[in-house]
Amino acid sequence: MSRFWSVLLLPLALFASSEESCIFYGNPSYPRCPCSYAVETTFDFLFLQPFEEGLTYAIRNDARQGAGGADGTPGGPLIDLEPRWQPGVRLSVGYAPSFTAKVVWTRFHASTTDHAHSELTLPGVGLQSVWVPAIDTSVLYDSAAFRWNLNFDMLDFELGKRYEVSSFLTFNPVCLLRVGWIDQAFNAHYGASDSASAMNDFRGIGPGFAFRSEWGFAHGWEICCASGFSMLYGQFTSHYGISLLTAPAEVLIDGVDRQFSRLAAVADFSGGVGYGKCVANGRFRVGGSLSYEAHVYWNQNQLYQPMGSDAPGILPQQSRDLSIQGFSLRGYFEF
């Protein structure tokens, strides 16, 4: 009879002991609460600045300055678009007891517009176009405007392993599958009549790896760093077209469309400081972090653009890099 009661009461005893082991308050050195199920959700508010080569849209031409402009013609300083800092978001959900699995979605849509003006009171003084191929350097404008739209979405599927190097330091190497959508649109306007529009879209998928580390140094505070590299194979679709009234249309090439596949490399880095605290007897963890991050996307601009006034009908292909850098403010909840 006593053996029967022992078997019956054993589950209750185990449950009680587990309850006692989960009575936990404070901040563990290991970046996970001892009694949670290690399911973690994060939300990042991003404040980023994109940059890409080839954002010059006009030349401040002045014949009195002598040679030195584009194509060896009289010219002054280049006028570049200065991309603005703009917001984005990143969401993730993962499971990370020892082996880690995570899905991460990053969304960053940005738009930047710039304007330039010049007087046309003197001969040879004005704005020379860059995105619209002028027939000769005598075609100058009193105004120029340029807009760059960037629609960036990235989806990562991660698998990794967490290593507890010490009671304060953990490493988390991961392999990942990345899917990316990077759409760019360019619009340049010169004077009241001439304009150019272009698009450069990319759809890619490929493998990668990342290495993350967390160092808990004092009462829930930690330093977190991450770096990664991936290769995306995908399709580029580009378009370049003009609307031009200052020269005969038959002299120029309009409506250039290209579609091709290519490998594109991506590098990522982030580093910052965070804080986390276990609550509800160690069953949940809440916290946040502030980090700086930088990303480089090689050869993302594959546009065909005009060479200039000396060869208005030739459109060479560009191969320019896209970079995004800024700050992320993260909040997370582990249960």
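The values are calculated or read from the model by the stated rules, or taken from the named source; none is laboratory data. Note that the coordinates shown come from a computational prediction; the quantities given were computed from them, not determined experimentally. We place every Cβ from the backbone using ideal geometry, glycine too, and count neighbours over all the protein chains shown.
Taking residues in the range 42-62 that are more than 22 Å from Phe152 (Cα to Cα) and in contact (Cβ under 8 Å) with a residue 40 or more places away in the chain, and partners anywhere that are of a type in the set (A, V, I, L, M, F, W, C) and in a loop (DSSP other than H, G, I, E, B), the pairs with Cβ atoms closer than 7 Å and at least 6 places apart or on different chains are Tyr57/Leu81; Tyr57/Val130; Tyr57/Trp131; Ala58/Val130; Ile59/Val130; Asn61/Leu140.
So for the range 237-251 (the condition being at pLDDT below 95, small (Gly, Ala, Ser), touching a Ser or Thr at 6+ places or on another chain (Cβ under 7 Å) and surrounded by fewer than 19 Cβ atoms within 10 Å (Cβ to Cβ)), does at least one residue qualify?
Yes, there is a match, as at least one residue in the range 237-251 is at pLDDT below 95, small (Gly, Ala, Ser), touching a Ser or Thr at 6+ places or on another chain (Cβ under 7 Å) and surrounded by fewer than 19 Cβ atoms within 10 Å (Cβ to Cβ).
Just one residue in the set Glu158, Glu164 is acidic (Asp, Glu) and at pLDDT 95 or above; that residue is Glu158.
Filtering the range 34-51 to residues that are assigned to a strand (DSSP E or B), over 19 Å from Glu293 (Cβ atoms) and of a type in the set (A, V, I, L, M, F, W, C) leaves only Val39.
Exactly one residue out of Gly208, Gly216 is crowded, with 18+ Cβ neighbours inside 10 Å, within 30 Å of Gly276 (Cβ to Cβ) and at pLDDT below 95: that is Gly216. Cβ-Cβ under 7 Å, sequence separation 6+ or interchain: first residue in the range 124-143 and hydroxyl-bearing (Ser, Thr, Tyr) and modelled with pLDDT of 85 or more, partner assigned to a loop (DSSP other than H, G, I, E, B) and surrounded by fewer than 22 Cβ atoms within 10 Å (Cβ to Cβ). Which pairs? The qualifying pairs are Tyr141/Gly191; Ser143/Gly191.
Out of Asp194, Asp201, one residue alone is of a type in the set (Asp, Glu) and over 27 Å from the mean Cα position of the chain (by Cα). It is Asp194.
Identification of strands (runs of 3 or more DSSP E) wholly contained in the range 76-192 with 3 or more residues that are aromatic (Phe, Trp, Tyr) and surrounded by 14 or more Cβ atoms within 10 Å (Cβ to Cβ) yields 143-161, 169-190.
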